[in-house]
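**Q** Below are the structure tokens for one structure; questions will follow.
The values are calculated or read from the model by the stated rules, or taken from the named source; none is laboratory data. Predicted, not measured: the structure shown is a model, and the values here were computed from it. Here Cβ is always computed from backbone atoms with ideal geometry, including for glycine, and neighbour counts include all displayed protein chains.
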């Protein structure tokens, strides 16, 4: 008698998010890429132990590499463990790499990692953003809008407390 197939969990494993990137850069395009990892790195990521907030992408010899991403050591790997901040190769089609490299060099864009996550097949994927830096006044304007929205929400809660719906 065949065993029933295992169903995927709805919650999924933890995701690494780079929230600083959305504050520091205007994201013009998003690209999904694969990433070359060791087994101990994948297991550590499944536990949610990593950081991509200070990471960036560089182009070397017709390939893209993720630099300065931090994945903590996996405690059960023993001497088969990995370096925490090694450079990791990104997996994209050659035509996509050429297109991105042209935009990076000619138009002064940056490739910024936005999210590191597991897809439906359980593979680790990296969401990259083709971006350019925000100016200081852009950042201040975003902070002002957020403060106004917080104030509106606060006032709405007070009104709802004062006049509960019947």
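**Q** List the number of the failed condition for residue 160; all other conditions in (1) at pLDDT 90 or above; (2) over 14 Å from residue 57 (Cα atoms); (3) surrounded by 10 or more Cβ atoms within 10 Å (Cβ to Cβ) hold.
**A** Going through the list (1) at pLDDT 90 or above; (2) over 14 Å from residue 57 (Cα atoms); (3) surrounded by 10 or more Cβ atoms within 10 Å (Cβ to Cβ), residue 160 breaks only (1).
**Q** Looking at this structure, is residue 69 closer than 22 Å to residue 19 by Cα and out of contact with any strand residue (DSSP E or B) (no Cβ under 7 Å at 6 or more places or on another chain)? Show your work before the answer.
**A** Values: closer than 22 Å to residue 19 by Cα: yes; out of contact with any strand residue (DSSP E or B) (no Cβ under 7 Å at 6 or more places or on another chain): no.
Considered against the rule, which asks whether it is closer than 22 Å to residue 19 by Cα and out of contact with any strand residue (DSSP E or B) (no Cβ under 7 Å at 6 or more places or on another chain), residue 69 comes out as no.
**Q** Output the residues belonging to segment 13-23 that are part of a loop (DSSP other than H, G, I, E, B) and under 14 Å from residue 127 (Cβ atoms).
**A** Across segment 13-23, the qualifying residues are 15, 18.
**Q** Here is a follow-up. Among the residues of segment 12-30, is there at least one that is in contact with a helix residue (DSSP H, G or I) (Cβ under 6 Å, 6 or more places away or on another chain), at pLDDT below 90 and closer than 27 Å to residue 133 by Cβ?
**A** no
**Q** Taking interchain pairs and intrachain pairs at least six residues apart, which have beta carbon atoms under 6 angstrom, with the first residue in segment 25-38 and not assigned by TED's automatic domain parsing to the domain that holds residue 56 and the second modelled with pLDDT under 90?
**A** If the second residue must be modelled with pLDDT under 90, no pairs are left.
**Q** Being out of contact with any helix residue (DSSP H, G or I) (no Cβ under 9 Å at 6 or more places or on another chain) and touching a residue at least 12 places away in the same chain (Cβ under 8 Å) is the filter here, so list the residues in segment 118-137 that pass it.
**A** The answer is 120, 123, 125, 126, 127, 132.
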